[in-house]
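The values are calculated or read from the model by the stated rules, or taken from the named source; none is laboratory data. Keep in mind it's a predicted model, so treat the numbers as computed, not measured. Note that each Cβ is placed from the backbone with ideal geometry, even for glycine, and that neighbours are counted across all protein chains shown.
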Amino acid sequence: MTEPAQGEARSAAADRALGAPGEDRPEDPPGGQTPILELRQLDKNFGPVQALVGINLSLPRGKVTALVGDNGAGKSVMIKTISGVWAPDGGEILWEGRQVHIRSPKEAAALGITTMYQDLALCDNLDIVQNMFLGHEELQLGSLNEIKMELAARRVLDSLSVTSLRTIRQPVASLSGGQRQTVAVARAVMAQSALVIMDEPTAALGVAATAMVLSLIKRLSSQGVTVLMVSHNLNDVFAVADHMAILRLGHLVATGPASNFDAQSAVHFMTTGRSGRAGDGATAGLS
C-alpha cells in the first residue's frame, strides 16, 4: 500500500471511530487541558461477570498514568476495551473531548492509540527496521525503499537515545528482552502514536533492561506522548508515573497524582478498596 493510500485508510478508520462527520467537538478548556482519553461510566460484562463497573478515568496529555491492581482487577479488560478488542457494554469513551466508538484495533490505531502487549507482536525472523515498518512499508516503484526506511528508523531510535543496539539490521530474535521493548516503543513512535498503552513492560526483565525501558517511558512522555502503563511492580510505577489509577474487582477505587500514594497505601487500595491511612480519601481521588 502506498503512503497516500495508507493515509486514506487510516483517516477512514478514524472517521468511523469518531462517528458522523460534522459533529461538534467540545472546545478545550483554558490552557488546552482536555484529557486525551476519558472514560465515563464504562461497563464491560462477560455474561454474569462484571469485569468493569462504572469506570471514570481521564488520561492527561503527555503524562504517564499507571494502572495497577491485583490479578482479576480488570486491567487487561480495560486496555482491551480502549484498544478496540472488546466493545464496552455501557458508558462512553471520549478521545480529545469527542465521543468515539472504537470497534477494532485498526480504528484505535487510526485515532493514534498503540497498545504494546507483553508478547510485543514482533517477528523474530525480521530485522529491526523491518519490524518497525511492518504493515506500512515505504515503497518506491513497487519495491521496498530500504534506504528511506533505514534512515527513518535511525532517526526515531536516535530521538529516543537508544544506544544498546549493535545494528538496526540485526534480527529481532537476537535481541534481549529490553532491546525488544525498545523496538516496540520505537515502532509506536514511528506510527506517531498519541497514546501508548504498555502492558507489563518490565515483566521478566533484569535490572539493566528494566532501567532502559523506564528511561524510554520517561522519554516518550517528555516528547508529548501520553502513556498508560499497566504494571504489578510498584517500584517501577513510582519511578515513572505522574498519575495512578487503582482497580479492584472491576471498580476504580482510587485515582490521583502518584505523589499522593506510597507503596503501602497503593497495596491497601488494591486489596481492600480503601485507604489504610487517616485522611487519605482527600489525597487520592476516590471514584
| Residue that is under 20 Å from the mean Cα position of the chain (by Cα), aliphatic (A, V, I, L, M) and in a helix (DSSP H, G or I), where the choices are Ala152, Ala211, Ala204 | Ala211
| Those residues of region 63-81 which are touching a helix residue (DSSP H, G or I) at 6+ places or on another chain (Cβ under 7 Å) and surrounded by 24 or more Cβ atoms within 10 Å (Cβ to Cβ), in sequence order | Val64, Ala66, Leu67, Val68, Gly69
| Just wondering, is there one or more residues in region 90-110 that are of a type outside the set (Lys, Arg), surrounded by fewer than 20 Cβ atoms within 10 Å (Cβ to Cβ), touching a Leu at 6+ places or on another chain (Cβ under 7 Å) and modelled with pLDDT under 95? | no
| message | Six or more apart or on different chains, Cβ atoms under 9 Å: show the pairs whose first residue is in region 64-78 and closer than 26 Å to Ala194 by Cβ and whose second is outside any strand (DSSP E or B) and of a type in the set (D, E, K, R). | response | Val64/Lys218; Val64/Asp242; Thr65/Asp242; Ala66/Asp236; Ala66/Asp242; Leu67/Lys75; Val68/Lys75; Gly69/Lys75
| request: State which residue pairs qualify: first residue without any contact (Cβ under 8 Å) to a residue 40 or more places away in the chain and inside region 223-238, second residue β-branched (Val, Ile, Thr) in any location, beta carbons under 8 Å apart, and separation of 6 or more residues or different chains. | output: Asn233/Thr202; Asp236/Thr202; Asp236/Thr210
| said: I'd like to know if region 217-225 contains one or more residues that are surrounded by 21 or more Cβ atoms within 10 Å (Cβ to Cβ), assigned to a strand (DSSP E or B) and at negative phi. | reply: no
| task | Just need a number here: residues in region 237-287 that are on the phi > 0 side of the Ramachandran plot, modelled with pLDDT of 95 or more and surrounded by fewer than 20 Cβ atoms within 10 Å (Cβ to Cβ). | result | 2
| Filtered residues of region 61-82 (kept if aliphatic (A, V, I, L, M) and in a strand (DSSP E or B)) | Val64, Ala66, Leu67, Val68
